[in-house]
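Take a look at the structure below.
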Amino acid sequence: MQQSNGLQSRPHAGSLPPHVPRHLRTAAAVAAALQGLIDASPPRRESQTLHAQLLTSGLGGAADLSVNVKLLVLHLRCGSLHNARAVFDGMPRPTHAAHNYLAAGYFRRGHLREAFGVVRRLAASTGRLDVFTLSMALKLSAALALPGAVVAREVHARVVRTVAEPDEILSAALVDAYVKSGLLGYARRAHDAMPVQSVVCSTALLVGCMKEGMFRDAEAIFESMEEKDVVAYNAMVEGYSQTEETAEGSLEVYKAMQRGGFRPTLSTFVSVLGACCLLSSPELGEQVHCQAIKSSLFGDIKTGSALVDMYAKCGRVEDSRRVFDHMPERNVVTWTSMIDGYGKNGLSDEALQVFGEMRRRPDVRPNHATFLSVLSACAHAGLLSRGQEAFQSMESEYSLRPRMEHYACMVDLLGRFGSVRQAYDFVRGIPVRPNSDVWAALLGAATLHRDVEVADVAAREVFELSRAGRPGAYMAFSNTLAAAGKWDGVHDVREMMKRRGVMKDAAFSWIGSDNPLLDD
């Protein structure tokens, strides 16, 4: 259907062309016919034919708002955004519902800027937005990475002015928008303004506190929730699983969740297994593994990948490989976890063997994380030529531009097992300015080989890029100078550390604690 059809002259409804079906002779009949097509599952693709008949009959014109809105919805249901937009543009004053339907259609199809344009047009034309439109504006601002704080505040102001009854979904979207903008104070105000704190809204605030490391605030919100659902429990489990210091809390909430009668979900298993990694506790991981087997989620690729990663990081690489081999399906995360597991456990040949098998498969392609694991495995074993080949294949075979972490890994490999000068030349050839990680890797190699000249260049770059963030770099350079007998230089470095407030890293030890068994 071409939009130009809408510009053709139309006969009056009283003088219908003979080819127009008799059941489309009145607006009510047309509306009923459209609704029948809309309700069909799957939607029947007769919208274009019916639209053409309406145009020639004179029905469905600019004045037939209800017919046009139904026709717009039908085009959207049939996946025709072009025709839906043509109907919308042909309406002299599109209704609020028409705006919402079209914006939602664009959003579902991934046309985010077009959707946002429809929302802005509605705001400009009427000045009033309903709950659905305001929620859509918040979702679109997040998806488009727009200035979230600005959009959230504008929506918040409109809510205060125009929304009579608080809406749970809108409040949760508003809290989430503030959280993603880092404005937890505003998020809490929006949350506390609700006459009754819903589980959705409270969970959104809880997630924000967890992401900012505000664990006590998150705990207080969680405890104050009169009703809790599996999403709220998962938010706590995942939040605690992010750091070694709080990982045991993840297991405690996991047990409480089961005692409360909630069945673990895929997200639960992945987060708890991550906590087991941080606690270096394969025994607890085994119990989670057994519980996953009893559930219907054991065959899921995310559960399998998390198990591969957990066993490998806990030093049980044979168990990791056993899970890997029995997975019905694997993705790039699974393969990368297996490669990384072998590399971290000193089995670089096995890591490269798995990488070679991955490269031969047509159903999976290595990504940046895969190559970082491969380069790390080569660096641990001193496999210089294999590392260089892998690095070169990133762009030549997979069109992956190396990131700074890949350059840093190559510098470490070249400096330790090639030559410091070769590593220095490699750094100078990087097409963008190297960051402090790259220079720190070169400084480490120069320190190892006592190359004072290169160490001096690398150290000065590190000190400029990370003035107080790398105390180890200061100590490495100081030790290199000391080994060369350059005591004046050692004194200068120590004085620089004092002026910049750089503290030497304190040594520490990690002591494991007996963790109670998980509830069955």
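Summary table
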item: Qualifying residue in region 464-481 (condition: modelled with pLDDT of 65 or more and either open to solvent by 80 Å² or more (accessible area, probe 1.4 Å) or not aliphatic (A, V, I, L, M) (or both)); result: yes
item: Subset of region 254-278 (residues that are among the β-branched types (Val, Ile, Thr) and under 14 Å from Val308 (Cα atoms)); result: Val270, Val272
item: Out of His380, His368, sole residue that is in contact with a Lys or Arg (Cβ under 7 Å, 6 or more places away or on another chain) and open to solvent by 10 Å² or more (accessible area, probe 1.4 Å); result: His368
item: Qualifying residue in region 140-156 (condition: modelled with pLDDT under 80, not in a helix (DSSP H, G or I) and not hydrophobic (A, V, I, L, M, F, W, C)); result: yes
item: Residue match in region 182-192 (condition: part of a loop (DSSP other than H, G, I, E, B) and closer than 12 Å to Leu138 by Cβ); result: no
item: Yes/no for Asp300 being at pLDDT below 95, buried (at least 18 other Cβ atoms within 10 Å of the Cβ) and within 23 Å of the chain's Cα centre (by Cα); result: yes
item: Inter-residue pairs, beta-carbon under 6 Å, first under 12 Å from Ser280 (Cα atoms) and in region 299-317, second of a type in the set (D, E, K, R) and open to solvent by less than 50 Å² (accessible area, probe 1.4 Å), 6+ apart; result: Tyr311/Asp319
item: Residue in region 432-444 that is open to solvent by 50 Å² or more (accessible area, probe 1.4 Å), out of contact with any helix residue (DSSP H, G or I) (no Cβ under 7 Å at 6 or more places or on another chain) and under 19 Å from Arg401 (Cα atoms) present; result: yes
item: Failed item in (1) in a helix (DSSP H, G or I); (2) open to solvent by 20 Å² or more (accessible area, probe 1.4 Å); (3) touching a residue at least 40 places away in the same chain (Cβ under 8 Å), with Ser280 passing the rest; result: (1)
item: Matching entry among Val179, Val160 (being assigned to a helix (DSSP H, G or I) and either basic (Lys, Arg) or open to solvent by 50 Å² or more (accessible area, probe 1.4 Å) (or both)); result: Val160
item: Set Arg460, Arg416: member being at pLDDT below 95 and over 30 Å from Arg359 (Cβ atoms); result: Arg460
item: Flag for Asp412 being part of a helix (DSSP H, G or I), more than 22 Å from Asn331 (Cβ to Cβ) and out of contact with any helix residue (DSSP H, G or I) (no Cβ under 6 Å at 6 or more places or on another chain); result: no
item: The listed residue being touching a Pro at 6+ places or on another chain (Cβ under 8 Å) and open to solvent by less than 70 Å² (accessible area, probe 1.4 Å), out of Met358, Met338, Met327; result: Met358
item: Of the criteria (1) more than 38 Å from the chain's Cα centre (by Cα); (2) polar (S, T, N, Q); (3) at pLDDT 85 or above, which one Ser396 fails; result: (1)
item: Residues located in region 248-273, provided they are surrounded by fewer than 22 Cβ atoms within 10 Å (Cβ to Cβ) and in a helix (DSSP H, G or I); result: Glu248, Gly249, Glu252, Lys255, Ala256, Gln258, Arg259, Leu266, Ser267
item: Selected residue (only one of Ala190, Ala218 is open to solvent by less than 40 Å² (accessible area, probe 1.4 Å), out of contact with any strand residue (DSSP E or B) (no Cβ under 6 Å at 6 or more places or on another chain), of a type in the set (Gly, Ala, Ser) and within 28 Å of Thr126 (Cα to Cα)); result: Ala190
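The values are calculated or read from the model by the stated rules, or taken from the named source; none is laboratory data. As the structure is a computational prediction, the values presented were derived from the model and not from experiment. Cβ coordinates were reconstructed from backbone atoms using ideal geometry, including for glycine residues, and neighbour counts include every protein chain displayed. With ligands, DNA and RNA removed, areas are computed over all heavy atoms of the protein, side chains included. Shrake-Rupley method; radii C 1.70, N 1.55, O 1.52, S 1.80 Å.
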